[in-house]
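Throughout, read-outs are computed from the coordinates displayed, never taken from laboratory work. Note that the coordinates shown come from a computational prediction; the quantities given were computed from them, not determined experimentally. Heads up, the Cβs are rebuilt from the backbone with ideal geometry, glycines too, and the neighbour counts pull from every protein chain shown.
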């Protein structure tokens, strides 16, 4: 079941990059994100009421839902999208991959999670793989105010997402079901986005084209309800550090989709980077280090708290 949750999250989120590209155009970015989470929240509430699950929670639990909405379902998206206005998608992917590091730090601070050797080397291998894949973007990076602003927004998005991960893990430790938590969290996130839209003065445009509507529905149902449901459940099962590795693997899926539909060509550095990412994935999931790291004796790390 854990492996299935892992695979669904990676495959769906890896495909959402293509869906997001179909959202860019006449509709302001923050308005499109607002539409996405409003639709997802409504569908989740409908599902919860149809299943007659408990939807009554204390005000303290609603505080968690508000924080989840702000960090997981709004601010991290706004920051990540803003980053794309200043830097390439490759550099943005590198910046957002730092969520692994933030999750390790936050997991240690909030849950006293011990950094195991498998998490350390798996994370190191994955981040190195991402760096190699997007090496051309790094080499062409112009150290200017524009570029630094983009990196800052990218890292800020990763930090916000990490806080959202921690809040979701805390909710699950209080035995709050993921589906109900997500329904409220997405609703509160949409309200926060609505506030941001009023502050920025963006208009509520809507694109009636098939491409825009179909991509919006896909992002709301699969990219939001299904993927976040799987990911946050996974997070509660295997911990914030290991679950966050999906953010390293999703760019690989995105590259494969780009190869199929956009003619992307794989070079040696792409194969090398993907190989390191897959190696890190094996280390993270199996919690075993290759013999080269253990002088011939495989080490099984302890379970994450």
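The figures follow:
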read-out: Gaussian network model of the chain, Cα within-10 Å springs - most flexible of 41, 58, 32; value: 58
read-out: Three-way shape call for segment 1-151 based on the alpha-carbon gyration tensor, with the a/c threshold at 1.5; value: oblate
read-out: Label-to-label distance, nm, for residues given as residue 128 and residue 258 (7 Å Cα→Cβ offset); value: 2.3 nm
read-out: For segment 178-280, alpha-carbon Rg over 2.2 N^0.38 Å; value: 1.39
read-out: Full-extension gain in nm, residue 59 to residue 286, via 0.36 nm per residue minus C-alpha separation; value: 77.8 nm
read-out: Relative packing of 157-168, 209-220, 115-126, which averages over residues the other C-beta atoms within 10 Å, highest first; value: 157-168, 115-126, 209-220
read-out: Rg [Å, one decimal], Dmax [Å, integer] - the chain, C-alpha atoms; value: 19.2, 62
read-out: Label-to-label distance, nm, for residues given as residue 42 and residue 208 (7 Å Cα→Cβ offset); value: 1.7 nm
read-out: Rounded FRET efficiency, nearest 0.05, which uses the C-beta distance separating residue 265 from residue 110 and R0 of 30 Å; value: 0.10
read-out: Segment 227-285 shape via C-alpha gyration tensor axes, a/c threshold 1.5; value: oblate
read-out: Relative contact order of the chain, defined on C-alpha pairs under 8 angstrom at six or more residues apart (%); value: 39 percent
read-out: Gain on full stretching of the segment that runs from residue 152 to residue 49 - 0.36 nm per residue minus C-alpha separation; value: 33.0 nm
read-out: Residues 86, 269, sorted so that the one with the fewest Cβ neighbours within 10 Å comes first; value: 269, 86
read-out: Label point distance in nm, residue 4-residue 217, each placed 7 Å from Cα along Cα→Cβ; value: 2.6 nm
